[in-house]
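Sharing a structure here in structure tokens format.
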Amino acid sequence: MTAATRARVSPVAAEVRVEARTEDGLTAVARAEIRENEPVFAGHYPDFPIFPGVCVLECVQRAATDGEAAPAPSDLAAVESARFAGAVYPGDTLHLTLTWRPTEGGLRCDAVALTQRGRAATVRLRYTTAGGER
């Protein structure tokens, strides 16, 4: 089963669209429109809504593994790094640039998330592949 066909349970309602991916699948560009009616804004925070960092991570995860040309890791093994540099607000467009590279036993995905105000986050995810070690 591909990542695109797996059922998804997510706190993020926004659609993450992969706009371009290299033929080998190792580089991708994606975006997500963060709308004002995003469910997480009700609790984070009602009078000053900010898109939670874990939701930025979810957008990266979805961009990394969705689509036919996406690498096919079997497990998210670790969030190796997540640095949040700027807030994401209702109405922002989250622009994602992802780069995959092989590692021993799996794959690593480095991602940068930007809004119109600049860098929102840098993220490094590590995946195991079928038969790979963590």
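Name every residue in region 85-131 that is buried (at least 19 other Cβ atoms within 10 Å of the Cβ) and free of Cβ contacts under 8 Å to residues at least 40 places away in the same chain, in order of residue number. Before you say what the answer is, go through the steps one by one.
Just the residues of region 85-131 that are buried (at least 19 other Cβ atoms within 10 Å of the Cβ), to begin with: 88, 92, 94, 96, 98, 100, 106-107, 109, 111, 113-115, 120-121, 123, 125-127.
Correct list: 106, 107, 114, 115.
Residues checked against (1) at pLDDT 90 or above; (2) at negative phi; (3) part of a strand (DSSP E or B):
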position	(1), (2), (3)
8	no, yes, no
31	yes, yes, yes
46	no, yes, no
51	yes, yes, no
58	yes, yes, no
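May I ask you to list the residues in region 16-54 that are in contact with a Pro (Cβ under 6 Å, 6 or more places away or on another chain) and of a type in the set (A, V, I, L, M, F, W, C)?
Taking region 16-54 as the starting set, the residues that turn out to be in contact with a Pro (Cβ under 6 Å, 6 or more places away or on another chain) are 25, 36, 40-41, 44, 49.
Correct list: 40, 41.
Determine whether residue 110 is closer than 19 Å to residue 18 by Cβ, acidic (Asp, Glu) and touching a Phe, Trp or Tyr at 6+ places or on another chain (Cβ under 9 Å).
yes
Go through region 60-90 and give me each residue that's out of contact with any Pro (no Cβ under 6 Å at 6 or more places or on another chain), assigned to a loop (DSSP other than H, G, I, E, B) and at pLDDT 95 or above.
First, pick out the residues of region 60-90 that are out of contact with any Pro (no Cβ under 6 Å at 6 or more places or on another chain): 60-89.
From what's left, assigned to a loop (DSSP other than H, G, I, E, B): 66-74, 85-89.
Residues satisfying the conditions are 85, 86, 87, 88, 89.
Based on what the data block shows, is residue 65 under 13 Å from the mean Cα position of the chain (by Cα) and either buried (at least 21 other Cβ atoms within 10 Å of the Cβ) or over 20 Å from residue 84 (Cβ atoms) (or both)? Write out each step before concluding.
Numbers: under 13 Å from the mean Cα position of the chain (by Cα): yes; either buried (at least 21 other Cβ atoms within 10 Å of the Cβ) or over 20 Å from residue 84 (Cβ atoms) (or both): yes.
In short, yes.
The values are calculated or read from the model by the stated rules, or taken from the named source; none is laboratory data. What you see is a predicted model; the values in this text were computed from it and never measured. No Cβ is skipped: glycine too gets one built from the backbone with ideal geometry, and neighbour counts run over all protein chains shown.
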